[in-house]
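Q: Okay, handing you the structure first.
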Amino acid sequence: MLGRILAWVATIVIGLALGAGSAWWALQAGHGGFMQHMGQWSWSRETGSTGAGPYTRAVIARDGLLALSADEALYLNLDHDENNKALREDCVYELAGGSIPARWWSITLYAPDNYLAQNNDAAYSIDSTHIDADTPWTARIAPVRGEAAHWISSRAARRGYSLTLRAYNADEGFPADASVLPTLRTISCPDTAP
């Protein structure tokens, strides 16, 4: 009798451990499992979808993304530079792009806590209403503006921030290839540990 009770207790403990472990994995390491990648950007067409699975929903709930369906908007994220290093507040980057086939788009910087960087620069994003969408454009991402025409402030964004490209009513199949997505390159970065 005692052996049977211990077997049941062991089974319950193992089940709880496996359940908790799979939930942790899905929220931490499993995020990339449902992501698509193109160039430096990643996204999921399941974001905002009623068909999203439980792990996708858990990651979206944790990150706080209140998303529209993929038919209405796509949310693409970039959190590493061209050398696959995490984006840092103390570095200067240049984002270069051209025409993005969407009714309206924006690129916004989010600190690692998924909130806007806590500064008073009023330079949290750029969008298609302030950029000539038919010509190539560049935007500086740095803690100071310098002489850039377009600027996203990374002041107080810390290490590990991300950029989110929102494309509303994008053309069907967007992004078909990496050439329509902006590219990020490092202009300068202090020589510290990656």
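Q: For the ranges 146-157, 109-120, what's the packing order if you count other beta-carbon atoms within 10 Å of each residue, average per peptide, and put the highest first?
A: Those peptides, ordered most packed to least, come out 146-157, 109-120.
Q: When you count, for each residue, the other Cβ atoms within 10 Å and take the mean per peptide, how do 172-181, 88-97 rank with the highest first?
A: Sorting 172-181, 88-97 by mean packing, highest first, produces 88-97, 172-181.
Q: Percent antiparallel among DSSP beta bridges with both residues in the stretch 103-194, to the nearest 5?
A: 75
Q: Also, quick follow-up: With a point put 7 Å past each Cα toward its Cβ, work out how far residue 176 is from residue 5 in nm, to one decimal.
A: 6.9
Only the coordinates and a few stated rules stand behind these numbers; no lab work does. Keep in mind that what you see is a predicted model, and the values were worked out from it rather than measured. For neighbour counting, all protein chains shown are included, and Cβ atoms are generated from backbone atoms with ideal geometry for every residue, glycine included.
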